[in-house]
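In what follows, a single structure is set out as structure tokens and then discussed.
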Amino acid sequence: MKKLTFPILLICLITSCNSGDNDAPDVSAIKMEFTVNRFDQDFFAIDTNNLSRSIQSLSEKYPELLDIYLTSIIGVTDSIGVNTFFRLYRPVYDSAQRVFSDFTPIKNDLEQAFRYVKHYFPDYNHPSLIIPIIGAMNSINDMARMPNGEYTPNFFRPGYIGISLQFYLGSEFSLYKTDHFINNVAPLYRSRRFAKEYIVPDVMKIVTDDVFPDKSEGLPLVEQMIEKGKQWWLLDKFLPGLNDTLKTGYTAKQLEWCEENEGLIWSYIVKNEDLNSVNPATLQTYIGEAPFTQGFSQEFSPGNIGQWIGWQIVKKFADKNSDWAPLQIMQATPRQILEEAKYKPK
């Protein structure tokens, strides 16, 4: 996805890892109904021998999407470009149809997640349309950039969610294992998450950053850890019961290692780093995607371990203020959260 901006504003794996909020409110009375328009299917049904009429029909059905799709998502400007993309990506589309022949389960899971959003934030202007697409996959820039700096396969526009199916075809999809893809789009430690069970949490990460935009830029290490930890804490509220591997992107073994070594992780950071550091190298070590965290086990530690620690600190703070609404928790400053949480894991 190229240069798309965001407005300001399930499927669970069966493992031994902990899941999120087990005291979820009853949201069954909240009306939430999405429509799925299969742009992916409509685009690859065009008649390339009568391209002008086919594009006009697409424009009539998707007036808000087509220009964005052609110019920003697949980067074509003429009929030759459309035909070339159609020919090159037809095998990707065919693979996607085998994985996503029925989009109803994803639709249902998104509707449920947005019921929780509506419960906690009644004024949130949620989309009501889901549009799956097949986009380009040539470089990291074929993903959208969220305000928090993270890349996402998906995008929001007024009224709808765009879901890029080419990045959810399963970790064993052959193109993900090519040298070009690994070196230019996503290394293997990222592409192992390119599976359909990550669609809902990936979409809801956009929502959490939309409801409460990431404010960590420029803050010292510990405050960035906590600010980013807030994002996962809010994700718990929107996806209660979802396995933590899907929220964090950690493997089950990595998550288990974090839980077993929580005290040692925190102790190591406190002893070896300046918690108030703004050094880019230090921040990158603990906050940001990587196959592992320097200073810890290369076999079992995940990257972005700072956000996981920040998440634990926020949960401790929230437990001490169980009568607070999510709005109040999210508005608390990192320093207030750190001081009042009195985080001392064993």
### Query
What is the one condition in (1) surrounded by fewer than 20 Cβ atoms within 10 Å (Cβ to Cβ); (2) at pLDDT below 95; (3) under 22 Å from Ile140 (Cβ atoms) that Ile287 does not satisfy?
(1)
### Query
Inside segment 300-332, can you point out the residues that are in contact with a Lys or Arg (Cβ under 7 Å, 6 or more places away or on another chain) and either among the hydroxyl-bearing types (Ser, Thr, Tyr) or in a loop (DSSP other than H, G, I, E, B) (or both)?
Phe300
### Task
Output yes when any residue across segment 286-299 is within 21 Å of the chain's Cα centre (by Cα), in the same structural domain as Cys258 (by TED's automatic domain parsing) and in a helix (DSSP H, G or I), and no when none is.
yes
### Summary
The one condition Glu256 fails out of (1) under 30 Å from Val117 (Cα atoms); (2) within 20 Å of the chain's Cα centre (by Cα) is (2)
### Message
Tell me yes or no: at least one residue of segment 99-121 is over 27 Å from Met137 (Cα atoms) and among the basic types (Lys, Arg).
### Response
yes
### Query
For the subset of segment 26-50 comprising residues that are part of a helix (DSSP H, G or I), of a type outside the set (D, E, K, R) and at pLDDT 95 or above, which member is nearest to Ala96 (Cα to Cα)?
Gln41
### Query
Of the numbered conditions (1) among the β-branched types (Val, Ile, Thr); (2) within 24 Å of Pro91 (Cβ to Cβ); (3) surrounded by 21 or more Cβ atoms within 10 Å (Cβ to Cβ), Thr178 satisfies every one except a single condition; which is it?
(3)
### Yes/no for Lys3 being at pLDDT 50 or above and either part of a loop (DSSP other than H, G, I, E, B) or in contact with a helix residue (DSSP H, G or I) (Cβ under 6 Å, 6 or more places away or on another chain) (or both)
no
#### Entry: Single residue of Val278, Val314 found to be surrounded by fewer than 15 Cβ atoms within 10 Å (Cβ to Cβ) and at negative phi
Val278
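Do you know which of the residues in segment 105-149 that are outside any loop (DSSP other than H, G, I, E, B) and modelled with pLDDT under 95 is nearest to Arg87 (Cα to Cα)?
Top of the filtered list is Asp142.
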### Task
Provide a single number: the residues in segment 50-108 that are buried (at least 18 other Cβ atoms within 10 Å of the Cβ) and either of a type in the set (Asp, Glu) or at positive phi (or both).
0
### Task
For residues that are over 21 Å from Trp232 (Cβ atoms) and hydrophobic (A, V, I, L, M, F, W, C), tally how many sit in segment 187-216.
1
### Task
Looking at (1) modelled with pLDDT of 95 or more; (2) buried (at least 16 other Cβ atoms within 10 Å of the Cβ); (3) more than 30 Å from Asp26 (Cβ to Cβ), find the lone condition where Val270 falls short.
(2)
### Task
Could you tell me which numbered condition Tyr69 fails, if it satisfies all but one of (1) within 23 Å of Tyr176 (Cα to Cα); (2) aromatic (Phe, Trp, Tyr); (3) in a loop (DSSP other than H, G, I, E, B)?
(3)
### Task
Answer yes or no: is there a residue in segment 217-235 that is touching a helix residue (DSSP H, G or I) at 6+ places or on another chain (Cβ under 9 Å), in a loop (DSSP other than H, G, I, E, B) and charged (D, E, K, R).
yes
#### Entry: Pairs where the first residue, in segment 257-270, is of a type in the set (Val, Ile, Thr) and the second is surrounded by 14 or more Cβ atoms within 10 Å (Cβ to Cβ) and in a helix (DSSP H, G or I), C-beta under 8 Å, 6+ apart
Ile265/Cys258; Ile265/Ile305; Ile265/Ile309; Ile269/Tyr286; Ile269/Gly306; Ile269/Ile309
### Query
Does segment 117-130 include one or more residues that are small (Gly, Ala, Ser) and surrounded by 15 or more Cβ atoms within 10 Å (Cβ to Cβ)?
no
### Task
State the number of residues belonging to segment 317-339 that are surrounded by 14 or more Cβ atoms within 10 Å (Cβ to Cβ) and either closer than 15 Å to Ile269 by Cα or not hydrophobic (A, V, I, L, M, F, W, C) (or both).
4
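The values are calculated or read from the model by the stated rules, or taken from the named source; none is laboratory data. This is a predicted model, so every value here is computed, not measured. Methodologically, a virtual Cβ is constructed for each residue, glycine included, from the backbone with ideal geometry; neighbour enumeration extends over all protein chains shown.
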